[in-house]
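Chemist: What follows is a single structure, and I will ask about it in a moment.
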Amino acid sequence: MRIAAPIEIGPLDADAQQAVRDLAQAAEAHDGVAPLSEQPLLNLGTDAEWITHVVAHDTAGSTVGYVQIDRSGETASAELVVHPDHRRNGRGRVLLRTAERDATLPSRSGEPGQQGKQLRVWAHGDLESARGFAAASGLRPVRELLFLARPLPAVDGTPEPPAGYHVRTFRPGADDDAWLRVNARAFATHPEQGRMSLDDLRARQGEPWFDPEGFFLLVPDAPQGAGTEPDPVAFQWTKTEPGQPDDARDGEIYALGVDPDHQGEGFGRLLTEVGLGHLARTGATRAVLYVEGDNAPALATYERAGFTRAAVHVQYARP
Ligand SMILES: CC(C)(COP(=O)(O)OP(=O)(O)OC[C@H]1O[C@@H](n2cnc3c(N)ncnc32)[C@H](O)[C@@H]1OP(=O)(O)O)[C@@H](O)C(=O)NCCC(=O)NCCS
């Protein structure tokens, strides 16, 4: 055994959260891909029954490794990173072992639904180091998330919705509940997006990138005399991180959802064009998005819209 990695399990105070963000940035600068995705970064300050933070320190006390385990879904999901200067020293192995114990042990409060879950570990970018580490740890790929991209601008005009429908932008607060309903229906089988709660939505509304002008709803026209508007049947949520250079700016098709009762009616295609038009008008030079590797209808929609594969993210698990 080459190291005795001091491991700390528990909530992170503000300094510890910053140390994890710095560690993630050092790994991104080295690997060319961010090791922690959006939700784990939003969760750094969360102290709840369903989440565990594990930090590895070196002998000087610096944060050199981190794993976050989220047990709120059907499987436990982990994101794991070791500082580039401290790799091949057994820390990844210790963090993975700790995460596996955490996912499978009964919860302290005895809360149902949190015990004995399979652990799934994300490898963003499917790096050489992650592949070697996964193979050495007996993990196999179980899910692929594709990152697609296409250049902008290449969109003319604003597409018209079909008769009986209109496109309007999202009104924070007023549209929250109706959007959560259509999102849950559209993503009923998606392990993360379909479980989005009001708290998750509000957390995103508080992010610097959140812009309701880039969040579109396709809504049936209200019947005459009806007091309330019907729920949207589809939505297109775009996201552009601030602070990107003007000549290389990514705009993301962040979430595109169509109510299952209205799938196959061309709404996905229409709202993709609406989203691309918006991103091009706001100065994005490349449109990007994430899609499940086995989602053939979505992949076909995006390939038709000119997207090609730019990266792949893989989830590993023990067979
Ligand atoms: C993957 C990662 C967490 C490994 O951390 P680590 O502390 O270097 O891993 P360990 O030292 O515990 O390695 C354990 C074993 O994994 C294998 N391994 C680790 N890195 C490897 C590499 N670059 N190439 C081939 N095999 C590798 C080796 O068999 C190693 O044992 P050995 O050093 O005795 O040969 C780290 O490289 C990292 O942070 N990568 C970026 C983030 C990421 O992809 N996370 C997802 C992991 S599934």
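The values are calculated or read from the model by the stated rules, or taken from the named source; none is laboratory data. Quick caveat, the model's predicted, so the values are computed rather than measured. Note that we place each Cβ from the backbone using ideal geometry, even for glycine, and neighbour counts take in every protein chain shown. Side chains are part of the model used for accessible areas, which takes the heavy atoms of the whole protein and leaves out ligands, DNA and RNA. Shrake-Rupley method; radii C 1.70, N 1.55, O 1.52, S 1.80 Å.
Chemist: Which residues' amide hydrogens lie under 5 Å from the amide hydrogen of D126, considering only partners 5 or more residues apart or on another chain, with H built in the peptide plane?
Modeler: V314
Chemist: Roughly how compact is the chain, stated as its Cα Rg over 2.2 N^0.38 Å to two decimals? Mind showing how you got there, number by number?
Modeler: On the way: Rg = 21.1 Å, N = 319, 2.2 N^0.38 = 19.7 Å.
Dividing the Cα Rg of the chain by 2.2 N^0.38 Å gives 1.07.
Chemist: Fully extended, how many nm does the chain gain between R304 and R181 (0.36 nm per residue separation, minus their Cα-Cα distance)?
Modeler: Numbers: separation 123, 0.36 × 123 = 44.28 nm, distance 2.84 nm.
Gain on stretching R304 to R181: 41.4 nm.
Chemist: Run the simple label-point estimate for A48 and A174 please: 7 Å along Cα→C-beta, distance reported in nm.
Modeler: For A48 paired with A174, the spin-label model returns 2.9 nm.
Chemist: On to the next question. Summarise the long-distance tail of P(r) for segment 148-312 by giving the % of C-alpha pairs beyond 27 Å. If you can, show how the numbers build up before the last one.
Modeler: Numbers: 2939 of 13530 pairs.
Counting every Cα pair in segment 148-312, those more than 27 Å apart make up 22 percent.
Chemist: Here is a further query. Take peptides 67-79, 255-267 and line them up by average Cβ neighbours within 10 Å, highest first, as a rough protection proxy.
Modeler: Working: 67-79: 21.8, 255-267: 17.6.
Peptide ranking by packing, descending: 67-79, 255-267.
Chemist: Kindly state, to the nearest 0.05, the FRET efficiency for T189 paired with T282, given R0 = 25 Å and r defined as their beta-carbon distance. Provide the component values of the computation, followed by the final result.
Modeler: Details: r = 32 Å, r/R0 = 1.27.
Working from the Cβ atoms, E equals 0.20.
Chemist: Can you give the FRET efficiency for A311 and T228, using 1/(1 + (r/R0)^6), R0 = 35 Å, r = Cβ-Cβ distance, to the nearest 0.05?
Modeler: Details: r = 43 Å, r/R0 = 1.22.
So the FRET efficiency works out to roughly 0.25.
Chemist: Output the peptides 268-281, 165-178, 24-37, 80-93 sorted from most to least packed, where packing is the average of other Cβ atoms within 10 Å over each peptide's residues.
Modeler: Details: 268-281: 21.1, 165-178: 15.1, 24-37: 17.1, 80-93: 19.4.
Going by the mean number of other Cβ atoms within 10 Å, highest first, we get 268-281, 80-93, 24-37, 165-178.
Chemist: Could you tell me what percent of the accessible area of segment 148-312 is made up of carbon and sulfur, with a 1.4 Å probe and every protein chain present? Please report the intermediate quantities before stating the final value.
Modeler: Numbers: 4100 of 8240 Å².
Summing carbon and sulfur atoms, their accessible area is 50 percent of the total for segment 148-312.
Chemist: If you build the convex hull over the alpha carbons only and average its shadow over all orientations, what do you get for segment 7-138? Give it in nm² to one decimal.
Modeler: On the way: hull surface 30.5 nm².
Averaged projected hull area, Cα only: 7.6 nm².
Chemist: Now, a different point. Y165's amide H: which non-local residues (gap 5+, or another chain) put their own amide H closer than 5 Å, with H modeled 1.01 Å from N in plane and none for Pro or chain starts?
Modeler: Long-range HN contacts for Y165: D221.
Chemist: Next question. For segment 148-312, what is the accessible area per residue in Å², given a 1.4 Å probe and the full set of protein chains?
Modeler: Details: 8240 Å² over 165 residues.
Here the per-residue accessible area is 50 Å².
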